[in-house]
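For reference, the structure discussed in these notes is given below.
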Amino acid sequence: MHEFSLAQSVHETILAVAHENNAARIEKIVLKFGMFALVQEDQFRFCFDLIKKDSKMTATSKLEIIRTPGELQCEKCQFQGKISEYPQEHNELAPIFQCPACKSYSTTIISGTETIIDSIVI
Ligand SMILES: [Zn+2]
């Protein structure tokens, strides 16, 4: 499960940062997921809760997830820009995004696939 391994690696990174800063407990974790990052937020939260409940460091941490907009380029009309709404109809495994200007599906993702640990509050 993709969400589980992502949650695990995020958790490991957070623990490493906490250690470096001699933290006893982490209050809050803020993550940024790009709009095109193929992460189901509910599933991620579920997995993260499972992982953190056995950790002294993060058991009571609050998790905040911010979805950041993604940027597309259209090959038909050369539109390039941010789209802020995730399309309702898409294939989870190989999503294709529609150009908001000309409705073409010949689009390339420029940004918005990142999953970033934005900040950790100790
Ligand atoms: Zn277009």
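The values are calculated or read from the model by the stated rules, or taken from the named source; none is laboratory data. The shown structure was predicted, so the numbers you read here are calculated from the model rather than taken from an experiment. FYI the Cβ positions are ideal-geometry reconstructions off the backbone, even for glycines, and counts take in every protein chain you see. For accessibility, only protein heavy atoms count, side chains too; no ligands or nucleic acids. Shrake-Rupley method; radii C 1.70, N 1.55, O 1.52, S 1.80 Å.
As a ratio to 2.2 N^0.38 Å, the alpha-carbon radius of gyration for the chain is 1.25. Once the 1.4 Å probe is applied to the protein heavy atoms, the chain comes out at 62 Å² accessible per residue.
For segment 1-42, the convex hull drawn through the C-alpha positions has a volume of 83 cubic angstrom per residue. Extending 7 Å from Cα along the Cβ direction at E12 and again at F79 yields two label points whose distance is 4.0 nm.
Each peptide among 26-35, 100-109, 40-49 gets the average number of other Cβ atoms lying within 10 Å of its residues, and from highest to lowest they stand as 26-35, 40-49, 100-109. Calculate how steeply helix 41-52 sits against the longest principal axis of the alpha-carbon atoms of the chain, using the helix alpha-carbon long axis, and give the answer as 0 to 90 degrees to the nearest 10. Tilt relative to the chain: about 20 degrees.
Along segment 4-12 the Karplus relation, 6.51 cos²θ - 1.76 cosθ + 1.60 evaluated at θ = phi - 60°, assigns HN-Hα couplings of 5, 5, 5, 4, 5, 6, 4, 5, 4 Hz to successive residues, with x for each Gly and Pro. Projecting label points 7 angstrom from Cα along Cα→Cβ for H19 and F4 puts them 2.4 nm apart. Inter-label distance, T113 to A59: 3.9 nm, where each label sits 7 Å from its Cα along the C-beta direction. Counting only residues at least eight positions apart within a chain, or on another chain, the lysines with an alpha carbon under 21 Å from that of K53 are K28, K62. Annotation: cysteines of the chain without a disulfide-compatible partner (Cβ-Cβ under 4.7 angstrom) are C47.
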